[in-house]
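> What follows is a single structure, and I will ask about it in a moment.
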Amino acid sequence: MPTGVSAKRESEYKKIERKFKKEGRYKGREEEVAARIVNKQRAQKGETKEAAHTHKPPRRSASRRKSRTPRAAPKRR
């Protein structure tokens, strides 16, 4: 974890890491994955310096969204 992280995030990191070790997930990478999860949460909440640079998917306008009503089948001759 980066220096200057709040006690809440540090305990959350340790909890996630213990959970992964107990479940046997991410063998040998428990620390890395737990740190990534906590860092992602910090960025989403705006707790990091680079929070403004996080990736957000572009919003689609209503005209670009797929229609929810089925289209009529083309007429055959």
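The values are calculated or read from the model by the stated rules, or taken from the named source; none is laboratory data. This one's a predicted model, so the numbers in the text were calculated from it and none came from an experiment. Positions of Cβ are generated from backbone atoms using ideal geometry, with glycine treated the same way; all protein chains shown enter the neighbour counts.
> Just need a number here: residues in the range 1-30 that are surrounded by 10 or more Cβ atoms within 10 Å (Cβ to Cβ) and not in a helix (DSSP H, G or I).
Result for the range 1-30: 7.
> Can I ask one more? In the list Gly46, Gly28, which residue meets the criterion of being out of contact with any helix residue (DSSP H, G or I) (no Cβ under 6 Å at 6 or more places or on another chain) and at pLDDT 90 or above?
Values: Gly46 fails: at pLDDT 90 or above.
The conditions single out Gly28.
> Where the second residue is aliphatic (A, V, I, L, M) and the first is farther than 20 Å from Phe20 by Cα and lies in the range 35-47, which pairs have Cβ atoms under 7 Å and are six or more apart or on separate chains?
Taking only residues 6 or more apart or on different chains, the pairs are Ala43/Ala51.
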